[in-house]
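Written out below as structure tokens is the structure these notes cover.
The values are calculated or read from the model by the stated rules, or taken from the named source; none is laboratory data. Predicted model, so just to flag it, every value in this text is computed and none were measured. We place every Cβ from the backbone using ideal geometry, glycine too, and count neighbours over all the protein chains shown.
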Amino acid sequence: MLVLGATLTASVVPAGAGSTDDKAAQLQKSLQARYPSAKIESVRAITEIPGLYELVTPTEIAYVDSTGNFLIAGRLMDTRTQENLT
């Protein structure tokens, strides 16, 4: 399980700001600043779910909302196809 050490609380990306790539880069920078000991390799938009971003570390994948205020650890499933999207 991703251990970042604290609860995410501050807003990271203003609504409607820039492209999804810009938002992902802003999220990665902000989350890395909040959790300097975490090795965040990448953050990318999940196209199937607007406002959800995949966060990749060397040991796991987690998800954050577009504000960076909420983190979800676990599998992401498509209930229609029962496909694991993680």
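Can you tell me which residues in segment 48-66 are at pLDDT 90 or above and more than 9 Å from the chain's Cα centre (by Cα)?
Of everything in segment 48-66, those that are at pLDDT 90 or above and more than 9 Å from the chain's Cα centre (by Cα) turn out to be Ile49, Pro50, Gly51, Thr57, Pro58, Thr59, Glu60.
To keep it simple, each residue is scored yes or no on (1) touching an Asp or Glu at 6+ places or on another chain (Cβ under 7 Å); (2) surrounded by fewer than 17 Cβ atoms within 10 Å (Cβ to Cβ).
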{"position": "Gln28", "(1), (2)": "no, no"}
{"position": "Arg44", "(1), (2)": "yes, yes"}
{"position": "Glu54", "(1), (2)": "no, no"}
{"position": "Tyr63", "(1), (2)": "yes, no"}
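Of all residues in segment 65-79, how many are of a type in the set (D, E, K, R) and either part of a loop (DSSP other than H, G, I, E, B) or crowded, with 16+ Cβ neighbours inside 10 Å (or both)?
Within segment 65-79, residues that are of a type in the set (D, E, K, R) and either part of a loop (DSSP other than H, G, I, E, B) or crowded, with 16+ Cβ neighbours inside 10 Å (or both) number 2.
Just name the residue that is nearest to Thr20 (Cα to Cα) out of those in segment 30-64 that are among the hydroxyl-bearing types (Ser, Thr, Tyr) and in a strand (DSSP E or B). Full working, then the answer.
Step one: filter segment 30-64 for residues among the hydroxyl-bearing types (Ser, Thr, Tyr), giving 30, 35, 37, 42, 47, 53, 57, 59, 63.
Those left that are additionally in a strand (DSSP E or B): 42, 53, 63.
Working: Ser42: 13, Tyr53: 9, Tyr63: 15 Å.
My answer is Tyr53.
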